[in-house]
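The values are calculated or read from the model by the stated rules, or taken from the named source; none is laboratory data. Because the structure is a prediction, the values reported are computed rather than measured. All Cβ positions, glycine included, derive from the backbone under ideal geometry; neighbour counts span all protein chains shown.
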Amino acid sequence: MLEKLGDVLKKATDKISNAIFLDKNLVDLIIRDLQRALIEADVNVLLVKKLTDKVKKTALDERIKEIDKKEHIIKLLHDELLKLLGEHKELKLQKTQNRIMLVGLYGTGKTTTISKLGNYYAKRGKKVALVGLDVHRPAAKEQLKQLAEKNKLNYFIEFDEDDAIKTWHDIEPKIKDYDLVLIDTAGRHNLDSELAKEIKSLSKYIKPTETILVMPADIGQAAKQQAQEFKKALDISGVIITRMDSTAKGGGALTACAEINSGVYFITTGEKINDIESFNPKQFLSRLLGMGDLQSLIEKIKSVTDEDKQAKIQKRVEEGKLSLEDVIEQVKSMGSLGGFDKIKSMIPGFSGMKDKIPENLLENQEAKISKWEHILKSMTSEEKENPEILEKQTSRITRIAKGSGVNNSDVRSLLKQYKMLNEMIKGGASEMNLEGGMSQKQMMKMAKKFMKGGKLKF
């Protein structure tokens, strides 16, 4: 969790922006806060000192006019933080078959990451196959099978074979029609000669287009040594850092990879299938500084939505009216994003409203959705399409509640959600394009519209 670091960075930039005069005492205070926050995020001490020395030198440089100094310092801080995170390295798929081999030690999350990566690209129209070549960990094959089946991904596993190379020879003819083949490999407690030899042999036969190292964020600065060892033994093309949501050491892992030019392709931020995102240093820093990251939010929304269903809903949005079934589908999609804490930093302007927004805004929806689906089954077609008629006829609400085994309040809760979304449409949300997303102005307009007494209306 890097929220604390983000808060300190935002406070530092605010202090600089709002200061009438940047005297030595204020500069020292800002520097101390920055150093403490970066070190707590497990960023290398020498890197921290280098960054803060530059900021301090600029802040106290009398040659820079006071009127220009604040902007100069903020830009310098932004640029130096960006250097710490490294350059953006995008995983670019080729037009011919892509074979991506994931490697790493025990407990890094290779198998779950493969399923997340498979889902990520399947949602973007790629024909994906998962291949299980971890023949040492007994539960690895079964885990991959369960994850693949749960998320409707194609998989190829030889349960009775304990030789990885032979397994690959058996599977290879079956996967020739797939755009993207994601390969799970064995791990060890450390990168010993045996593991290095096995992965090198596999690589020789598989001829992967990419070999990606998977590392957990909680190892912090130790990521540097681990990445160096794997790069020395194998042709590592990039890194995926897992468990970014569960540790304060994520800053150490990211900056360690940047130090040795091991580009980070993706980060994972939770246990759900959609908790994976492409790592873009500029966008990541923008979130930390409280400026939002709409592009990542749009990508995340796309990853949890069904294109055909969304196209139908978009048409109804353009017509100016959703049905109750549409509402439930939208709530399901939003729930799949994870908790509100997973997306709030991506919304420009929301960082300063965190105390006003319920933390469980998008959580705990499953029970509610289950009730709503039972309610729908007890409704007539007319009631689903025109729920307004229910507000005037309490007897209908009572009948529906009784038929679905819920309370009248549960029916009214669904009606309230329906009313809110349709008000959004009338208020201008119909201008939203599902491909391009909402503009920042539209998003903030909607946020203000549904704020009441300093609290969001949900």
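Some notes on this structure:
- Residue in region 109-118 that is exposed (fewer than 12 other Cβ atoms within 10 Å of the Cβ), in the same structural domain as P208 (by TED's automatic domain parsing) and over 20 Å from K15 (Cβ atoms) present: no
- Qualifying residue in region 220-241 (condition: out of contact with any Phe, Trp or Tyr (no Cβ under 9 Å at 6 or more places or on another chain), of a type in the set (D, E) and crowded, with 19+ Cβ neighbours inside 10 Å): no
- E62 meets the conditions (1) in the same structural domain as G250 (by TED's automatic domain parsing); (2) over 21 Å from I241 (Cβ atoms) in every case but one. The failed one is (1).
- Scanning region 18-66 for residues that are touching a residue at least 40 places away in the same chain (Cβ under 8 Å) and of a type in the set (V, I, T) yields one hit, V43.
- Residue count for region 359-406 satisfying the condition of being surrounded by 18 or more Cβ atoms within 10 Å (Cβ to Cβ), outside any helix (DSSP H, G or I) and modelled with pLDDT under 85: 1.
- Close contacts from region 382-407, counting a first residue that is in contact (Cβ under 8 Å) with a residue 24 or more places away in the chain and a second that is part of a loop (DSSP other than H, G, I, E, B) and among the hydroxyl-bearing types (S, T, Y), with Cβ to Cβ under 6 Å and a gap of 6+ residues or different chains, come to K384/S323; E385/S323; I400/S378; G403/S378; S404/S378.
- Looking across region 96-112, just one residue is under 22 Å from A222 (Cα atoms) and charged (D, E, K, R), and that is K110.
- When restricted to residues that are farther than 15 Å from T108 by Cα, part of a helix (DSSP H, G or I) and not aliphatic (A, V, I, L, M), region 249-270 contains 5.
A quick yes/no check of all residues on (1) modelled with pLDDT under 85; (2) of a type in the set (D, E, K, R); (3) more than 24 Å from K150 (Cα to Cα):
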| residue | (1), (2), (3) |
| --- | --- |
| A256 | no, no, yes |
| N261 | no, no, yes |
| T269 | no, no, no |
| K282 | no, yes, yes |
| R287 | yes, yes, yes |
| S303 | yes, no, no |
| D306 | yes, yes, no |
| Q310 | yes, no, no |
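- Going through (1) touching a helix residue (DSSP H, G or I) at 6+ places or on another chain (Cβ under 8 Å); (2) assigned by TED's automatic domain parsing to the domain that holds F159 one by one, H136 falls short only on (1).
- Any hit, region 138-155, residues being within 14 Å of V103 (Cβ to Cβ), in contact with a Lys or Arg (Cβ under 9 Å, 6 or more places away or on another chain), not hydroxyl-bearing (S, T, Y) and not in a strand (DSSP E or B): yes
- Filter result for L91 (closer than 30 Å to W168 by Cβ, crowded, with 17+ Cβ neighbours inside 10 Å, under 21 Å from the mean Cα position of the chain (by Cα) and touching a residue at least 40 places away in the same chain (Cβ under 8 Å)): yes
- Looking only at residues in region 119-163 that are among the small types (G, A, S), under 25 Å from A217 (Cα atoms) and in contact with a strand residue (DSSP E or B) (Cβ under 8 Å, 6 or more places away or on another chain), the one that is surrounded by the fewest Cβ atoms within 10 Å (Cβ to Cβ) is A140.
- Number of the exception - I425 against (1) loosely packed, with under 14 Cβ neighbours inside 10 Å; (2) at pLDDT 50 or above: (1)
- When the criteria are applied in full, L102 fails the requirement of being more than 18 Å from L254 (Cβ to Cβ), assigned to a helix (DSSP H, G or I) and of a type outside the set (K, R).
- Looking across region 170-195, the residues that are part of a helix (DSSP H, G or I) and of a type in the set (A, V, I, L, M, F, W, C) come down to I171, I175, L195.
- Qualifying residue in region 13-33 (condition: under 25 Å from the mean Cα position of the chain (by Cα) and surrounded by 16 or more Cβ atoms within 10 Å (Cβ to Cβ)): no
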